[in-house]
Each structure stands twice: as C-alpha cells, then as structure tokens.
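What follows is a set of notes on a single structure, which appears directly below.
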Amino acid sequence: MSRTDAAGFAETIVWAAGGACLLLFLHVPAGALVGAMVGTAAASLLGRPMTAPPRVYAGLLALMGVATGASITPEALKAAGTWPLSIALLAVATTVLCGAGFLVFRRLGRCDTATAFYASAPGALSAVLALAQADGADMSRVAVAQSLRLLALACVAPFALAGAHTFVPPTPPEGGLTGLAGWGLLIAASALGWLAAARLKWPSAAFLGPMAGSGLVHLTGAVGIAMPHLMVTLAGAGLGALVGTRFRGVSPGALMRFLPVSLAALGVMALVGLSAGWLAGHMTGVGLAAGMLAFAPGSLDVMVAIAVALNANPAYVAAHHTTRFLGLIGALPWLAQKLRPKAA
C-alpha cells in the first residue's frame, strides 16, 4: 500500500469511527453501520480521499459470514421448509421492481436504455458496474443511483424495522465446545469454508464460505459460542464505511442533479420489494423485519449486516439475497445482450 493510500485509509477510519460513535452514543439502531456509512459518504462528497484495501473488505465479509452462520440452528433449519415459497415470491418481486425502476429511469430520468437497466438492478453491484461500463452506460448515473439507493435503505431500515421483531439473540447449543477449543474449531471451519468456496469459484466466497463453515458447526452443535457483540458491531461499521467510500469522485452537483429521479426510483422499487417482503414475513413466520430486509432492493452484504445487527433472522435474509445475487449474476449478461440493439 502506498503512502497516499495508507493516509486515505487512515482518514477513512477516522470519519467512519466518528460517525459510528456518534450514532451509537445516540442509541440509533444499527448505529455503527449507519454512522460509519454516513460519515465516509459525507467525507467522500467533500472530496476527501476515502479508500480501503480489498483485503479489508474481504475480511469484513468473512466476519459477517461467521456471524450469519451462527444463526443457522436446528430450529432455523426446520423453519426453512417454508422458504421455497418465499424465494419464488422473491423472483416475481425482483422482476417487477426492476421493471418499475427501469421505467422511472427511462421515462422520468430520460436515461438511455443501458443506463436505466443497470441503474435499476438491485444488488450485485460489482457485476452491475462492470457490465454497465462494457455496455457504454452513463457510469456516473449508474453509480449515483446504486449508491444512493443503498445509502438510503441502510439509513432508513434500522429505524423503520427496529420495533418489528423481538431482540432475542440466538442461544448457543448446549454441549458444544467453548473457550479456546470452540473458537479454534469455529475459525478453522470458517477458514476451510472460505477456501472451499474460493476453490469452487463461488461468487462472494469471502462471505458465503465462512457462513457455510460457521453454519455447519453451529447447526451440528459442535460449538457453543455466542458471537461477541463487539465483533458484529465492528464488522457492520466497516461494511458501512466501505459503502460510503463509493461516493468518492461524485461531485455534489452531479449528485443533486440525479437525486430526484434516483429517489423516485427508490420509492417505487422499495414499495414493490417491501410489500412483497411484508407478505413473505407473514407467510413464513420469520417476521416483518426479516421479510422486508430479505426483499429490499439493496446489496447482500449491507442488508445481511443490518439483519445481524437487529437480530432479524440473518440466515433467512442471507438465503434470499444470495439467491437474488446468483440470479442477477446469471441473468444480467443475457438481458444486457437482449437490450443492446435497442440501446444503439
């Protein structure tokens, strides 16, 4: 890491820590995540060099994967019998909200077809940006629309959903390993899961691999460890800070010009997704918070981090966002090819 990057990373930590500490002091739900996100986003818009090494992001995803895996218990597995119906509803809701967002960007925002298409894609941000650039979309508009939607959802969701469920932390299984032995087994299983996911070329291997490893040892009762609240808080704050850095290079003027249409698209997409999530929460019995977070048009990492912070059935939320993520990864190139002649 160069001195410039190291200085930018250090400043990112300062802004993130300041925002996180302020909202934690004010007892804001998921305050560490939201505060770090807002702090680094504000600094980015002010022109400060917000940055973080890719390895830091991978490490934070791994920590969140371990925490999510801890919520995979025998009780959660029994409840998963109703999830296929919920995932089928997710497929329908995703199609509708993407179409609704596309129409808003196309008609109200007067975006070209490619820009409207990629600006309305929920989640899979890295793949969306790569494909958008390859198809000649307006990258500034796509980046602003995607980042604003994620920032708005992450800021509003903790307040809106904090009272929609009970704050009951998962109970560690009795008879499992604790202390150093338990932590050793948990770390080893999570690391092996990460390596296996990377070898199998899973998307988001840093998250899904540790989640699978952690879930296995918790599901079988091999470990009896409660995830430390501080670890979850720090991982959430780190992920929030990284979302804020996505505003780096975006001028306040460009943000304000595209703000109305982005918020209009967010409103339409959120209405579709959250309504379906409300229905799924009732249908499966997971609760409103988990249902709405699972169907929200945001990214896998941030929505799962909020679910972990609010204890809103992280396993359910992760299963749905992972399914949508994989679906988008597979569908986006094909859909882009179909739309490409129209964009010419």
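Side notes on the structure shown:
- Tally, over the stretch 205-224, of residues that are under 21 Å from the mean Cα position of the chain (by Cα), open to solvent by less than 40 Å² (accessible area, probe 1.4 Å) and touching a residue at least 60 places away in the same chain (Cβ under 8 Å): 9
- Across the stretch 225-248, a minimum of one residue is classified as more than 18 Å from Ala305 (Cα to Cα) and more than 23 Å from the chain's Cα centre (by Cα).
- Residue in the stretch 27-43 that is surrounded by fewer than 16 Cβ atoms within 10 Å (Cβ to Cβ) and modelled with pLDDT under 90 present: yes
This table checks each residue for (1) closer than 22 Å to Ala93 by Cβ; (2) modelled with pLDDT of 85 or more.
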| site | (1), (2) |
| --- | --- |
| Asp112 | no, yes |
| Val128 | yes, no |
| Ala132 | no, no |
| Gly136 | no, no |
| Met139 | no, no |
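- Residues in the stretch 83-137 that are among the aliphatic types (A, V, I, L, M) and outside any helix (DSSP H, G or I): Ala121, Ala124, Ala137.
- Within the stretch 57-82, restricting attention to residues that are more than 29 Å from Met37 (Cβ to Cβ) and of a type outside the set (Gly, Ala, Ser), the residue that is most open to solvent (accessible area, probe 1.4 Å) is Lys78.
- Scope the stretch 1-23; condition open to solvent by 40 Å² or more (accessible area, probe 1.4 Å), in a helix (DSSP H, G or I) and in contact (Cβ under 8 Å) with a residue 40 or more places away in the chain; matching residues: Thr4, Asp5, Ala7, Phe9, Ile13, Trp15, Ala17
- A count restricted to the stretch 121-130 and to residues that are touching a helix residue (DSSP H, G or I) at 6+ places or on another chain (Cβ under 9 Å) and farther than 15 Å from Gly327 by Cα stands at 1.
- Note on the stretch 228-333: enclosed helices (runs of 4 or more DSSP H) holding 2 or more residues that are in contact with a Pro (Cβ under 7 Å, 6 or more places away or on another chain) are 252-284, 300-310.
Conditions tested, residue by residue: (1) modelled with pLDDT of 90 or more; (2) at positive phi; (3) open to solvent by 40 Å² or more (accessible area, probe 1.4 Å); (4) among the aromatic types (Phe, Trp, Tyr).
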| residue | (1), (2), (3), (4) |
| --- | --- |
| Trp278 | yes, no, yes, yes |
| Leu288 | no, no, yes, no |
| Ala296 | yes, no, no, no |
| Met303 | no, no, no, no |
| Ala307 | no, no, no, no |
| Ala312 | no, no, no, no |
| His320 | yes, no, no, no |
| Leu328 | no, no, no, no |
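Okay, residues lined up against (1) in contact (Cβ under 8 Å) with a residue 12 or more places away in the chain; (2) within 17 Å of Ala270 (Cα to Cα); (3) open to solvent by 40 Å² or more (accessible area, probe 1.4 Å):
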| residue | (1), (2), (3) |
| --- | --- |
| Ala93 | yes, yes, no |
| Gly101 | yes, yes, no |
| Phe105 | yes, yes, no |
| Arg110 | no, no, yes |
| Pro122 | yes, yes, no |
| Val128 | yes, no, no |
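- Look at (1) over 19 Å from Ala212 (Cα atoms); (2) open to solvent by 20 Å² or more (accessible area, probe 1.4 Å) and you find that Ala265 fails only one, number (2).
- Filtering the stretch 50-70 to residues that are farther than 16 Å from Asp301 by Cβ and in contact with a Phe, Trp or Tyr (Cβ under 9 Å, 6 or more places away or on another chain) leaves Met50, Thr51, Pro53.
The values are calculated or read from the model by the stated rules, or taken from the named source; none is laboratory data. As the structure is a prediction and not an experimental result, all values here were calculated from the model. So basically every Cβ, Gly included, is an ideal-geometry build from the backbone, and we count neighbours across all protein chains shown. Please note that ligands, DNA and RNA were not included when accessible areas were found on the heavy atoms of the full protein model with its side chains. Shrake-Rupley method; radii C 1.70, N 1.55, O 1.52, S 1.80 Å.
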